[in-house]
Amino acid sequence: MSFEQNILDALPWGLVYTAQDGIVVFWNKTMADLTGISARQAKGKLIYHWIAELKDLASNTSVPFSREGYWQSFMVNCQDHEGGTLWTFTPEDHLDRVQSDFVSTVSHELRTPLTSIKGFVDTLLRSRRQLPEDQQIRFLRIIKNQADRLTRLVEDILIVSKIQSGQLRNAPQRLDLADVIDRVLENLSQKTAHHQLDLNLNEDLPAVWADQDRLEQILTNLVDNALKYSPKNTVVALKAWMDPKIPGKLSISVVDQGIGIPEAFLEQIFNRFNRLDTPLTREREGTGLGLYITKSLVESLGGQIAVESRESLGSTFTVYLPTAPDILPGPIQSERGEAHA
Ligand code: ADP
């Protein structure tokens, strides 16, 4: 079986291609699993033969489908493609489950700081006269921290929703990595005080081609995690270099000497809301959205992210980002001085 066929079969949606007259030409494995109709059976027949409702379908509609008397519904999307139609079928219970998992995790994450804010405000309202001033200030600080935590969470959720709806926009420009790192470390200065920072940027690094806010967020998330998941007084290193094996990309690593990540979990840490169930992780504040956002931002800038980690020895997250083009595209002046695109 071809490489392409394997990929199409591995998609989590049913994928079907029909020729102009509605005859099935392609039917992937997921579609066969969902419907119980094999590709061999389906091909060469009209798609409406299998799912009559598709005849007057508006895109993004759900259609019922009966399999051996058991009804399920699919969210169907269709697009004209090269003279035929490309159909995707997503089982609705799957969509509902992903959606409701997300909503319940978000609600839980929002409730924790809100409960704490409400508790401290109630105490202050009820008995501030009996409380010494330093105690009152301590409570107000906790309230402020929890409100900051809520703000961060809401900002993360907003970015996640932009990523998922494909509305993340970048404004890439030439950036000097050393300047960006300075700003990131400045913003994290309160948190870096208990670690030894080791900055190792190769000389003559080319400029990187990225959106400034996005790049700052990527590096902030990685350095913040390195600090969060490693003991005090250990080294957190930031390195950047050009790897001759990866032309056109700048390599940037954040290395820590922390708790590390068991191999079995390495893939999962980039998923939404995935946090390792270890005592140190539980102790540290976090939503499990940071690495999902980081990976999405890196990819939106045309880069990749990789992780290497050994339990209790530490982790290295490496980001590969495109370098800025040598000659920027711009209007070319003709001999008569007119600009051409
Ligand atoms: P969180 O908000 O929990 O930090 P992230 O998405 O940034 O969420 O990270 C997901 C999980 O991956 C963390 O909860 C932690 O268990 C693990 N992790 C991330 N970075 C590191 C690191 N540098 N060292 C060890 N574990 C890490």
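3J(HN,Hα) along the stretch 112-120, derived from phi through the Karplus expression 6.51 cos²θ - 1.76 cosθ + 1.60 where θ = phi - 60°, amounts to 4, x, 5, 4, 5, 4, 4, x, 5 Hz, with x in place of Gly and Pro. Principal-axis analysis of the Cα atoms of the chain puts helix 212-228 at an angle of about 60° to the longest axis. Here, the stretch 218-281 has an Rg and a Dmax of 13.7, 41 Å when only alpha carbons are counted.
Under 5 Å between amide hydrogens, built in the peptide plane, is the criterion, and for K249 it picks out T323 among residues at least 5 positions away or on other chains.
Couplings 3J(HN,Hα) for the stretch 145-157, derived from phi with the Karplus relation 6.51 cos²θ - 1.76 cosθ + 1.60 (θ = phi - 60°), are 4, 5, 5, 4, 4, 4, 4, 4, 4, 5, 4, 4, 5 Hz, where x marks Gly and Pro. Gyration tensor over the Cα atoms of the chain: the corresponding equivalent ellipsoid has semi-axes (square roots of 5 times the eigenvalues, largest first) of 44, 33, 21 Å.
Taken one residue at a time, the phi angles of the stretch 40-55 give Karplus couplings (6.51, -1.76, 1.60, θ = phi - 60°) of 4, 5, 6, 4, x, 9, 5, 4, 5, 4, 8, 10, 4, 4, 5, 4 Hz. Gly and Pro are set to x.
Of the residues T30, Q167, I137, the one whose Cα sits farthest towards the positive end of the charge dipole of the chain is I137 (charges of +1 on Lys and Arg Cβ, -1 on Asp and Glu Cβ, taken about the Cα centre). Across the alpha-carbon set of the stretch 166-286, the Rg to Rh ratio works out to 0.98, Rh being the Kirkwood radius.
Between Q41, Q217, Q268, the Gaussian network model of the chain with springs among Cα atoms under 10 angstrom shows the greatest mean-square fluctuation at Q41.
Dividing the helix sum by the residues of the chain, where each DSSP H run of 4 or more adds -39500 (n - 2.57), gives a mean residue ellipticity at 222 nm of -13000 deg cm²/dmol. Within the stretch 121-216, the GluC sites (Glu not before Pro) that combine a DSSP coil assignment with at most 14 other C-beta atoms in a 10 angstrom radius are E203. Under 5 Å between amide hydrogens, built in the peptide plane, is the criterion, and for K45 it picks out V24 among residues at least 5 positions away or on other chains.
Any read-out appearing in this document is the output of simple, stated calculations on the displayed coordinates, not a laboratory observation. Model, not experiment: these values are computed from the prediction. All Cβ positions, even for glycine, are placed from backbone atoms using ideal geometry, and neighbour counts span all protein chains on display.
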